[in-house]
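J.: Please find one structure pasted underneath; my questions will follow.
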Ligand code: PFF
């Protein structure tokens, strides 16, 4: 059977934007910003999106389009080595882990959507969230969210994912824009914008490392890089597209939606007297925002619209998580798409139910495990693109563009030399942080540079001997 493809350029872009725009933008971004000093975080985050996220995203596109296969097959066939295929298996794991907690949050969102119609959480938002967040109810809504996700993925690339995301994304962007305009009239809007947009140099200096790590984690998560989703999505496109242009458009739209979500959520938080924006944490949406809707005139209708938007954004991301292992089973093991989808959904039904019952499991998956998987994944992809594909990556980068290879070479240098130590630096610091160990930051930096360059040189050496062998 011929492999599927997107019908159009816009179809691919909206699917990729759909993957990128999700709970990461609307749920995670505002509270991360609120917790990390507002604008200081925003500036660093934007810098990392530009310098790491976009080049990394393009690396995934290059790998996916070059191979026309899902990540495992792509890394294996492009390198001619089974070992790289094993590295690619990280993406299958990442997709399943991501979905196992994301589907629980998606379930909360669906529940809030229904509860907005009756106003069930308006009287005591904190207690309501406490009562529904873990347990049988959470598991039930997780299953509902997962079932919708699987239903779309089972429909295939054109009939499922593309059809859904081309309807969903314009609705999400327009409704979020309308809500941001409305939120601009709230009493706390001025204070929220100040907080969002004023740069506090002293705060940055005092908390630089923490802000950097949070911003890096958020940048990868929100752009959906490191999990192999973007390799998978790019494997369904043709050679007439400019990958750097598409990558930039996707990142721009994604960042725009994040900022827009900040313009909705932060004014709501700042307009509600008993909510402290800087400490509301992951509950910001469910408690802070819910409180605000409960107190505002017309809150019920606004809450319905808001949680509808968030539901759509979450679904357009969750389908991209499930598509990673589905594409793997279809491409590498010859499964029918529907069978693969059903089997994998049954698996996540179980793992997600575990995290719906246990806040510990949920916290570990959503925090350290996802951070480690995405950072390690992206590290592998950039090293692979720069040093295994090498010149071929640059060729793929310029294909369908009017760029000379100079820009491609600069990109290759960035992803091949600068990004690997940077990603390891965030990875090492993250792991040390979770273990509660202290290490001077300079030591971590030296270790990251050392290990990064060691990996790069050995990968490059193996790849060039293999190339020489093949040529002989
Ligand atoms: N980018 C999504 C969000 O911001 O909600 C989350 C995500 C989707 C991460 C797909 C990774 C991924 F592969």
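Taken together, the values in this text are just the output of simple stated rules run on the coordinates, not laboratory data. These figures come from a predicted structure and were not determined experimentally. Virtual Cβ from ideal backbone geometry, glycine too; neighbours counted across all protein chains shown.
J.: Once you keep just the Cα pairs under 8 angstrom separated by 6 or more residues, what percentage relative contact order results for the stretch 1-141?
T.: On the way: 55 pairs, mean separation 16.1, N = 141.
Worked out over the stretch 1-141, it gives 11 percent.
J.: Between residue 449 and residue 301, with labels modelled 7 Å along Cα→Cβ, what's the label distance in nm to one decimal, could you check?
T.: 6.0
J.: Something else about it: What is the Cα centroid distance between the stretch 194-238 and the stretch 417-444, reported in whole angstrom?
T.: Cα centres, the stretch 194-238 to the stretch 417-444: 16 Å.
J.: While we're on this one: Sort out for me the Cα centre separation of the stretch 1-78 from the stretch 279-351, rounded to whole Å.
T.: Measuring centre to centre over Cα atoms gives 17 Å.
J.: Here is a further query. Relative contact order, percent, of the chain when contacts are C-alpha pairs under 8 Å separated by at least 6 residues?
T.: Computed over the chain, the figure is 31 percent.
J.: Angle, helix 419-435 long axis vs. longest principal axis of the chain, Cα atoms, 0 to 90°, nearest 10?
T.: Taking Cα atoms only, the helix is inclined about 50 degrees.
J.: What do you get for the angle between helix 82-118 and the principal long axis of the chain? Use alpha-carbon atoms, 0 to 90 degrees, nearest ten.
T.: 20
J.: Hey, another quick one. If you stretched the chain out fully between residue 460 and residue 206, how much longer would it get, using 0.36 nm times the residue separation minus the C-alpha to C-alpha distance?
T.: Full extension of this stretch gives 87.5 nm more.
J.: In addition: Which residues in the stretch 178-207 place their backbone N less than 20 Å from a point set 7 Å from the Cα of residue 274 along the Cα-to-Cβ direction?
T.: Only 187-188 fall inside the zone, counting backbone N under 20 Å.
J.: I would also like to ask the following. With axes computed from alpha carbons, what is the tilt in degrees of helix 54-67 against the longest principal axis of the chain, rounded to the nearest 10 within 0 to 90?
T.: Taking Cα atoms only, the helix is inclined about 50 degrees.
J.: Taking neighbour counts of Cβ atoms within 10 Å as a proxy for exposure, in what order, fewest first, do 353, 339 appear?
T.: Ranking 353, 339 by Cβ neighbours within 10 Å, fewest first, gives 339, 353.
J.: Does the stretch 125-249 come out rounded, prolate or oblate, given a ≥ b ≥ c as the square roots of the eigenvalues of its C-alpha gyration tensor, rounded meaning a/c under 1.5 and, failing that, prolate meaning a/b above b/c?
T.: It is oblate, given that a/c is not under 1.5 and a/b is not larger than b/c.
J.: Something else now. Using a cut-off of under 15 Å, list every residue of the stretch 402-417 whose amide N is near the label point 7 Å from the Cα of residue 249 along the Cα-to-beta-carbon line.
T.: So the set is 402.
J.: How would you rank 43, 62, going from fewest to most other Cβ atoms within 10 Å of each one's own Cβ?
T.: Working: 43 16, 62 32.
Fewest-to-most Cβ neighbours within 10 Å comes out as 43, 62.
J.: Sort 60, 162, 332 so the one with the fewest other Cβ atoms within 10 Å of its own Cβ comes first.
T.: Ranked by crowding around the Cβ, least crowded first: 332, 162, 60.
J.: What are the equivalent ellipsoid semi-axes of the chain, built from the alpha-carbon gyration tensor (square roots of five times its eigenvalues), in whole angstrom, biggest first?
T.: Each semi-axis is √(5λ); the values are 36, 26, 20 Å.
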